[in-house]
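A short worksheet on the structure shown next.
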């Protein structure tokens, strides 16, 4: 694809928003590949398309200049992006992933607003196996990258309603919404976080193991902010886990019987962890690089209406968010980032949707250019305070 010339400065394209610890390190050292110990990737469906060129630069050039282990933490489309980064020739696979995502086309039966969930699920399963099948060992046993896949496990009403029909499922999710409105942790009566993570990060039940003499990596994320299960990521469960992490309720069927995971329906990881608003402090002194389509981190999908839950606290101390600037967004078709609603808006004209998304992808090259400029010259972008967002 030919690059689209966009006459915008780096500061008009990209925002760098960082927690206090990260701001100090960026002020002293700039952004260096050896600082990065984790990369986070949010749920958000088509919104993630704008991050394709940044991903290609980060995994195809930037991180190749260092050798430390890097945790990759993703939900929904985020885990698919990070899985592509684990493949041989990550820049090429990330480009192919963007093209494959844009090329999705689901026929809608007369009288329906969206495709049949079972048909979409079957298409996703085939697409995952076709795209990632030859690379499964790299996803699970990459010598440097440690892929983490998040799903949301239905329990209580949502555990039983998964197979009781769409009305029962909608009613159960309505009850979950009410519980979440009362308190985020109350949502755990309906949905639990499940983290599929590599053996080096997996903490099995039972007495703790003796720590290695020379830990190769900081302790890691503290997952205890929300009730959860940890499951070792294996060749047997990586594809089902990735499908579950993208299984939007009523749009796709949940995934059951994932090897090694708790029994029950596993849905989109964004339900419990929409923007991966996690406690990353255990990864200090390293930084968490977070290419994002939004300047704030919303904890769960149901938290979008609760602005008080979006504010950054000490847990995001070492996070560096890379988000599009308003001037850059204004140049996109209709002045907005693509979203899942485009599948319905252009349900009977998928060619137009694909053309618009390709236009957005072309504009997104400027985001990667702005990041590369910041790496070369930290003075070209002002680093904003993440704790001030909200």
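Could you tell me how many cubic angstrom of Cα convex hull volume segment 252-363 has per residue?
Working: hull volume 19.6 nm³, N = 112.
Per residue, the Cα convex hull of segment 252-363 comes to 175 Å³.
By its C-alpha gyration tensor, with a ≥ b ≥ c as the square roots of the eigenvalues, how is segment 331-377 shaped: rounded for a/c under 1.5, else prolate for a/b larger than b/c, else oblate?
Working: a/c = 3.73, a/b = 3.09, b/c = 1.21.
Since a/c reaches 1.5 and a/b is larger than b/c, the shape of segment 331-377 is classed as prolate.
Considering only DSSP beta bridges whose two residues both sit in the chain, what percent are antiparallel, to the nearest 5?
On the way: 16 of 42 bridges.
Antiparallel bridges make up about 40 percent of those DSSP assigns within the chain.
Looking at the chain as a GNM with Cα springs under 10 Å, which of 324, 219, 350 has the largest mean-square fluctuation?
219
Could you tell me the extents of segment 1-116's C-alpha atoms along the three principal axes, largest first, rounded to whole Å?
60, 35, 30
Once a ≥ b ≥ c are taken as the square roots of the eigenvalues of the Cα gyration tensor of segment 35-101, is the result rounded (a/c under 1.5), prolate (a/b larger than b/c) or oblate (a/b not larger than b/c)?
In terms of gyration-tensor shape, oblate.
Using only alpha-carbon positions, what ratio does the radius of gyration of segment 286-348 give when scaled by 2.2 N^0.38 Å?
Cα-based Rg divided by the globular estimate yields 1.39.
Which whole number in µm²/s is D for segment 119-170 by Stokes-Einstein, with the Kirkwood Rh taken over Cα pairs at 20 °C and 1.002 mPa s?
153 µm²/s
Tell me the Kirkwood hydrodynamic radius of segment 2-69 in angstroms, computed as one over the mean inverse distance between distinct C-alpha pairs.
Numbers: mean 1/r = 0.0697 Å⁻¹.
About 14.3 Å for segment 2-69.
Over segment 81-183, consider all pairs of different Cα atoms and compute the Kirkwood hydrodynamic radius from their mean reciprocal separation; express it in Å, one decimal.
It is 16.8 Å.
To the nearest 500 deg cm²/dmol, what mean residue ellipticity at 222 nm is calculated for the chain from DSSP H runs of n ≥ 4 alone, each contributing -39,500 (n - 2.57), summed and divided by the residues? All intermediate terms of the calculation are to be shown ahead of the outcome.
Values: 13 runs with 132 residues, N = 390.
Roughly -10000 deg cm²/dmol at 222 nm, from the helical runs in the chain.
Compute the relative contact order of the chain as a whole-number percentage, counting only Cα pairs closer than 8 Å that sit 6 or more residues apart in sequence.
For the chain, the relative contact order is 31 percent.
To one decimal place, what orientation-averaged projected area in nm² is obtained for the convex hull of the Cα set of the chain?
18.7 nm²
Classify segment 306-390: rounded, prolate or oblate, from the alpha-carbon gyration tensor (a ≥ b ≥ c, eigenvalue square roots; a/c under 1.5 rounded; otherwise prolate if a/b is larger than b/c)?
oblate
Once you wrap a convex hull around the alpha carbon atoms of segment 93-136, what is its projected area averaged over all directions, in nm²?
Working: hull surface 14.0 nm².
Averaged projected area of segment 93-136's Cα convex hull equals 3.5 nm².
We did not get these values from a lab; they are worked out from the coordinates using the rules stated. What you see is a predicted model; the values in this text were computed from it and never measured.
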